[in-house]
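Participant: To start, I am sharing the structure in question, which I have written as structure tokens.
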Amino acid sequence: MELIFVRHGEGEHTIQIPESLKIADPSLTDKGKLQAKTLRNKFSLTPEDIVIVSPIRRTLETARIWMNNSPCRKVIHPLVAPRQFPLKVNGSTLPCDSILDIKILKEQFPDFELVNEHDLRLWDGGINTLPEVEFRELASDFIEWCRSLNQSKRYIVSHTK
């Protein structure tokens, strides 16, 4: 199984750290949009590929710009959302890392399918502050789900550095 991780383009939340981390639902900057476009030259998508995206605006914008109407499968998955590392017990999610509401995702990104739509605990709170044991279980489930896919390549647009 081949997993290819792609980090989102530059977001508004990274312009004037630490103040900008308080921006809720930040979009890509112009530079971030250009970075997303350059992905087209590096990774050509085919109908046999799948792009799995975090439910955060900047990852979705990156994926949409990169895919440029590609016929590949497009999926939003809550287990690709941001995750604190190392985990801060009793920590909270930064406003810039809050996942989008399912209703907003359906309205603004209708060309994507939503996975685990009915597991509201993943969509409401995300995985950012889940206890380590629970996170490891979910991560294992996610890897198995990726293995079960029939797509040729599995691209994951997330928050990796």
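The values are calculated or read from the model by the stated rules, or taken from the named source; none is laboratory data. This structure is a prediction, so every number in the text was calculated from the model and none was measured. With ideal geometry, Cβ positions are generated from the backbone for all residues, glycine too; neighbour counts draw on all protein chains shown.
Participant: For region 44-78, what are the residues that are at pLDDT 95 or above, in contact with a helix residue (DSSP H, G or I) (Cβ under 6 Å, 6 or more places away or on another chain) and in a helix (DSSP H, G or I)?
Facilitator: Thr62, Ile65, Trp66
Residues checked against (1) charged (D, E, K, R); (2) crowded, with 18+ Cβ neighbours inside 10 Å; (3) over 17 Å from Leu114 (Cα atoms):
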residue	(1), (2), (3)
Ile15	no, no, yes
Leu28	no, yes, yes
Leu39	no, yes, yes
Thr46	no, no, yes
Ile50	no, yes, no
Val53	no, yes, no
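Participant: Shifting gears a bit: If a residue has to be surrounded by 12 or more Cβ atoms within 10 Å (Cβ to Cβ), on the phi < 0 side of the Ramachandran plot, part of a loop (DSSP other than H, G, I, E, B) and out of contact with any Lys or Arg (no Cβ under 6 Å at 6 or more places or on another chain) to count, how many in region 111-127 make the cut?
Facilitator: Final tally of qualifying residues: 4.
Participant: I'm checking my understanding of the structure. Among residues of region 26-64 that are of a type in the set (A, V, I, L, M) and touching a Lys or Arg at 6+ places or on another chain (Cβ under 9 Å), which one is nearest to Gly125 (Cα to Cα)?
Facilitator: Val53
Participant: Let me ask something else. What is the number of the single condition among (1) exposed (fewer than 15 other Cβ atoms within 10 Å of the Cβ); (2) modelled with pLDDT under 95 that Gln108 does not meet?
Facilitator: Looking at each condition in turn, Gln108 falls short on (2).
Participant: Within the set of pairs 6 or more residues apart or between chains, which connect a residue that is outside any strand (DSSP E or B) inside region 20-41 to a residue that is surrounded by fewer than 17 Cβ atoms within 10 Å (Cβ to Cβ) and aliphatic (A, V, I, L, M) with Cβ atoms less than 8 Å apart?
Facilitator: The qualifying pairs are Leu21/Leu94; Lys22/Leu94; Thr29/Ile15.
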